[in-house]
Each structure stands twice: as structure tokens, then as C-alpha cells.
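The values are calculated or read from the model by the stated rules, or taken from the named source; none is laboratory data. Note that this is a predicted model, so its numbers are computed, not measured. Cβ: placed from backbone, ideal geometry, glycine included. Neighbour counts: every protein chain shown. Note: accessible area is taken over every heavy atom of the protein model, side chains too, but ligands, DNA and RNA are not part of it. Shrake-Rupley method; radii C 1.70, N 1.55, O 1.52, S 1.80 Å.
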Amino acid sequence: MNNRNRLTIYILIGLALGIVVGYLANANLADPAGFSDAMSLVTTLFLRLIKMIIAPLVFATLVVGIAKMGDAKEVGRIGVKALGWFVIASVISLSLGLILVNLFRPGDAMALSGALPPVGASSGIVTTGLTLKEFITHLVPSSIVDGMARNEILQIVVFSLFFGTAAAAVGARATPLIDAVDGVAHVMLKVTGYVMNFAPIAVFAAVAGIIAKSGLGVLSTYGIFMAQFYFGIGLLWIVLILIGMAFLGPRVLRLITELREPTLLAFSTASSEAAFPKTLEGLERFGVKNRLAAFVLPIGYSFNLDGSMMYCTFAAVFIAQAYGIELDLATQLTMMLVLMLTSKGMAGVPRASLVVIAATLAQFNIPEAGLLLLLGIDHFLDMARSATNVIGNGIATAVVAKWEGELGEPVKDVTISPLR
């Protein structure tokens, strides 16, 4: 058994043990919330270790990849293809969420239950920084050091694009610098290997903590809503895989196999960001040249969060239904366009979707208090959408590689090299 399969099995064991221990803690401990807080410390530590890796890894791999392309036209061409795919995937995800929430109408059952929060209740979700103006000014970092310190992937991508393009234009004089940045990438990938050894423990702590705090009862209370959302996520997976198959053929199934470990990690920790390094590794094993994967994947983390976008439309209309607010087709389509804009640059971290939804609700006079209906189960919903984000970005990167002729034969095992 190789290390990848071993780690996957350990993560599954951690997931199962977390459910059991969380249930026992909720049923038997006098203070299950205290136990949950203790477990959250372990999860927080792991996620912080992951975030420690992201900024230097994205910067190093992206800069070297662009520098080795050497042609600004090639960078632009790949970028346009990637963004084109992201827009199409976004429309599909948002539309599927709208269709399913109107078909299932989960909010009607919540309205009949009489358990709605008062319209004026506060959800506690901060909604600032989501206007078009804020998004545009947020694109470019005032300081790359500040952007890296806050793990703003979109800002890191913008700076890396300029830096890598300039390095390519300088030519031979920039070679020692690019070699040094290449060395940084290799070191960060080695650090990633060390950090991932703690993944099963983090998964155990995350699941045990949320079950201990909320109990299994929260799953039964919102069981229908969660089942409908998970059905939608499964349908979105099928749609994305079928579209990927149109370009990649049967190899798309091999791609899904290569992405099973990062997908499981994203599902267990409810964080797409946690899976970034392993997704990059899985794509190279699939045959994607690293210089292209290192360019497309970080952009996808800002522009192609398929699971999160589907959740935005599903949840926003659900809240409107719960409060008896009927939205006509034109209003729902307008909401979808608003979400297309406000969701771009949304971080692949827990609860980011709630911020986008909260801002959107205010624009359509839907009570923000409705978010309180979802806070108790948001972690379980976030698990599904985070895993979907990984699948969506993996397929997008592989398809762009196919278009560019940068998709080689699968490799059994690799050490990621940004020079490829």
C-alpha cells in the first residue's frame, strides 16, 4: 500500500471515529460544548498549518510556471480559456441550484413548522466588502506582503502574473531568481507532506467536535433539506463529470480517482483550501504539466467554486420560501447574476458562502435572519460544497490542459516539479 492510499484510509478511519466519539460526547458528557471547543483547537491548528503553506506555494509554482511559458500571449490564451470554462461552470452551478430549490421547495416545510427566527434577528454574519467597487479594488494588493499575510489567493495570483511575466521578459538575467523560487516551491511541497501526516487527526477532531456540539439530532431535524442539497451536489458532480468526459473521454474517471484524497480532505475539514496542495499533486499524476496546473488551479480557487455557488442560489431562495416571499423568474435570474459577481474571489474556507448569501439577501429584501436557519447545519453543507469545489477545479484544469496540448500520460507517482 503506497502512502497516498494509506493516508486516505487513515482519513476515513478518522472520519468514522469522529462520528462515534462525537455522539458519545454529546450523549454522555456534562459539557459537550467544552469538548467541542477543545476539538476545534486541533482543527484550527491544522487549518492554520495549511494556510501557512498556501501563499508561498501558490506564488512559487505560479511564478515559475509563467516564467517557463515565456510567452505573454500563451499566458493570456490559457487565462482566457480557463475563465471561459469558469463562467460556463458558474452558470451551470447557479442554475442547477435555482432549478432544484424551486422543484423541491424545502422552505415551504420550514414555514409550516412555525420555527422561523424573528425577521429582525441578527445572523451575526458580516456583509461588508462585497460590492462591485470593493471587489475591483480588492483584486490588486496594496502590498503583496499584506496579501500573503492574509492568504488572499486572488491578490497573490494577480501579483504572481505580473511577476512571472516580467521574469520571462527579462530573460537570462532572471534565471537565478526563477531557480531560487523553484527551490522554494520544492521546499513548500516537502512541508506539505509533513503537514498532511496530521490530516487524519484533524478530520477526527473536526467531525467529533461538530457532532458533540450539535448532536445527531441536527441531522434528523434538517434531514430533508440536507438530503435535497446533497442530491443536488451529486447531480452537479454528474454534470461536471459528463462535461469533462466530452473533452477528456473515459480518462475523466481516472482523474476523479486521482482527486479522491484531496476531495475527502476537503469534505472532512469543510475547507477547499486544505486540499489545494494535494489537488495540485493529483493533477500532475493525471498527466497535467505542472506549469499549467500551477497557473489554472489558483485562479479556479477564486473564480470556480462550483459547490459554493450552487449553495448560494439554493440557500437564498430557500430562505425566501421559508418567509413566504415569492420570487418571480426575473428576480431569481437577477439574483443569479448578482451571485455570479459577488461570489468571485470568495475564499475556499469555511463560512465564506454565508457572507455572500447575507449580502445578497439584503439586496432583495429577504430577511437576513433566515441565515439562522442554516447556521446549525452549515458545517455539514460546507463539507459537500468544499468537496465539489475540488472536483470542479480539477476537471477545469485538466480540460484546459487538454485544449493546450499539455495533458500527458498518467504517472504512477510524482514529485511535483514546477519546471515541467
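Here are a few things to note about the model shown:
- Taken along the Cα-to-beta-carbon direction at a fixed 7 Å, the label points for Met52 and Glu326 span 5.6 nm.
- Point-charge dipole on Cβ atoms (K/R +1, D/E -1) for segment 1-78, about Cα centre, debye to 20: 400
- For Val288, the amide hydrogen comes within under 5 Å of the amide hydrogens of Gly408, counting only partners 5 or more places away or on other chains and with H modelled in the peptide plane.
- Taking 0.36 nm per residue of separation and subtracting the current Cα-Cα distance, fully stretching the chain between Asp31 and Arg260 would add 78.9 nm.
- Ordered by solvent-accessible area of protein heavy atoms (1.4 Å probe), largest first, the residues Tyr230, Tyr23 come out as Tyr23, Tyr230.
- Over the C-alpha atoms of segment 203-311, the Rg to Rh ratio, Rh being the Kirkwood estimate, stands at 1.02.
- Two-site label geometry, Val140 and Ser95: point separation in nm, points 7 Å out along Cα→Cβ: 3.5
- At full extension, Leu337 and Ala246 could sit 30.1 nm farther apart than now, given 0.36 nm per residue minus the alpha carbon distance.
- With protein chains left intact and a 1.4 Å probe, residues in the chain average 41 Å² of accessible area per residue.
- Computed with a 1.4 Å probe over protein heavy atoms only, the accessible area of Glu152 comes to about 40 Å².
- Most fluctuating residue given options Gly394, Gly164, Gly147, as computed from a GNM of the chain linking Cα atoms under 10 Å: Gly147
- Estimated [θ] at 222 nm from DSSP helical runs (n ≥ 4, -39500 (n - 2.57)) normalised by residues in the chain, nearest 500: -25500 deg cm²/dmol
- Net lengthening on full extension, Val87/Glu74 (0.36 nm per residue, minus Cα-Cα): 2.7 nm
- When a 1.4 Å probe is rolled over the protein heavy atoms, the share of accessible surface on segment 267-403 that falls to carbon and sulfur comes to 62 percent.
- Note on Arg254: accessible area is roughly 90 Å² with a 1.4 Å probe, heavy atoms of protein only.
- Accessible surface for Val181 stands near 20 Å², nearest 10, in the context of the full protein assembly shown (1.4 Å probe).
- The count of lysine pairs in the chain whose Cα atoms are under 24 Å apart, excluding pairs fewer than 8 places apart on the same chain, comes to 26.
- Highest-fluctuation residue, Thr44, Thr388, Thr61 considered, GNM on the chain with Cα pairs under 10 Å: Thr44
- Across the chain, C-alpha contacts under 8 Å between residues 6 or more apart give a mean separation that, scaled by the residue count, equals a relative contact order of 32 percent.
- Dividing the Cα radius of gyration of the chain by 2.2 N^0.38 Å, with N the residue count, gives 0.98.
- Accessible surface ranking that places the most exposed of Thr43, Thr331 first, with a 1.4 angstrom probe: Thr331, Thr43
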